[in-house]
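The values are calculated or read from the model by the stated rules, or taken from the named source; none is laboratory data. A quick note: this is a predicted structure, and the numbers were derived from the prediction, not measured. A quick note on method: Cβ atoms are made from the backbone with ideal geometry, for glycine too, and the neighbour counts reach across all protein chains shown.
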Amino acid sequence: MRGLDFLMLRCASFTLEFARPLVMGIVNLTPDSFSGDGVSDTAKAIAHAHRQIEAGADLLDIGAESSRPGAFPTSVEEELRRLMPVLEELAGCGVPISVDTYKPEVMRAALRHGASMINDIYALRMPGALAAVADSDCGICLMHMQGEPLSMQEQPHYTDVVAEVQGFLRNRLAMARAAGIASDRLLLDPGFGFGKTLNHNLELLRRLDELSLEGRPVLAGISRKSMLGALTARPVEDRLAASISAALLAAQRGASILRVHDVAQTRDALAIWHAVESQ
Ligand code: 8Y7
């Protein structure tokens, strides 16, 4: 077995345990989602979220600002306008709701309206972000990114990508703890595709087990990403098999949470893996 069964993550009123990898269903509220699942309409987003739960999502990640390569930032007002009606509807649906944002104002509003986790692609580096989550008890995903979405894929560069991602995450863990955030609220993520070439992404996936620093659980988000397109020459709407394969490889290397578009299919793959591994 993976030896990770002692891990847990506190997310407000939820305590996540990782006897098996959990599946985080993506709910995209951006009109320009590159993954072909963009839903700008609130009712459609809520229906999609309920379908993700029925498909077996252990938690949901809702995000209203696109972070795809080349994307421009969204204003706080616009982000809240897209997010709040969906969050209000989903809070209390039985699974933890993670809100994908790096803006302190959005974090505070989301936590007031029932979010259980903040998923921050800037790992709480924005001024005021540490303080925005410190006095709550939400879970927090600290993700590595080199650069920023607008330009991150122009020229990613590392001497040793695993060591540099580890160093970054170690530093963000320390900053979070110094701000008064208990370790059991923190989740780590190498940020596949965020300022990384195909080879950087592959090296991080190959050595994912080295990223569980200080025993904290690791989230892997590879679903439909361009690294899978580069390996299969398939467009984004045709990357299901590649996404499931990558999710399974991440699970085998100790990922505790898999952030995916295709919840039911990923859960099926994990069920087979778990059955084979658990004897
Ligand atoms: C990730 C993510 C995205 C990821 C975490 C996409 C918001 C691009 N990717 N958050 N967000 N990890 N924690 O393809 O890999 O979904 S957006």
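At-a-glance table
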read-out	value
Extreme residue, farthest from the ligand (Cβ to nearest atom), among residues of the range 176-189 that are closer than 23 Å to A19 by Cβ and not polar (S, T, N, Q)	A182
Sole exception among (1) of a type in the set (D, E, K, R); (2) surrounded by fewer than 18 Cβ atoms within 10 Å (Cβ to Cβ); (3) at pLDDT 95 or above for E277, by number	(3)
Complete set of residues in the range 63-104 that are in a helix (DSSP H, G or I) and free of Cβ contacts under 8 Å to residues at least 40 places away in the same chain	V76, E77, E78, E79, L80, R81, M84, L87, E88, P104
Answer from S226, S245, S212 - the residue that is of a type in the set (G, A, S), in contact (Cβ under 8 Å) with a residue 40 or more places away in the chain and over 30 Å from R185 (Cβ atoms)	S226
Complete set of residues in the range 114-160 that are among the β-branched types (V, I, T) and touching a residue at least 40 places away in the same chain (Cβ under 8 Å)	I121, V133, I140
From V162, V133, residue being away from the ligand (no atom under 12 Å from the Cβ), among the β-branched types (V, I, T) and either closer than 27 Å to I97 by Cα or assigned to a strand (DSSP E or B) (or both)	V133
P127 surrounded by fewer than 22 Cβ atoms within 10 Å (Cβ to Cβ), within 13 Å of the ligand (Cβ to nearest atom) and under 25 Å from I62 (Cβ atoms)	no
Residue satisfying all of: in the range 48-62; of a type in the set (D, E, K, R) and either closer than 30 Å to S151 by Cβ or part of a helix (DSSP H, G or I) (or both); nearest to the ligand (Cβ to nearest atom) among these	D61
Criterion: at pLDDT 95 or above and more than 19 Å from the chain's Cα centre (by Cα) - qualifying residue of A247, A233, A251	A233
Residue list for the range 63-102, restricted to those being polar (S, T, N, Q) and within 16 Å of the ligand (Cβ to nearest atom)	S66, S67, T74, S98, T101
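Condition check ((1) over 17 Å from I121 (Cβ atoms); (2) within 11 Å of the ligand (Cβ to nearest atom); (3) surrounded by fewer than 24 Cβ atoms within 10 Å (Cβ to Cβ)) across all residues:
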position	(1), (2), (3)
E210	yes, no, yes
G221	no, yes, no
L228	yes, yes, no
R234	yes, no, yes
A242	yes, no, yes
A250	yes, yes, no
G254	yes, no, yes
D262	yes, no, yes
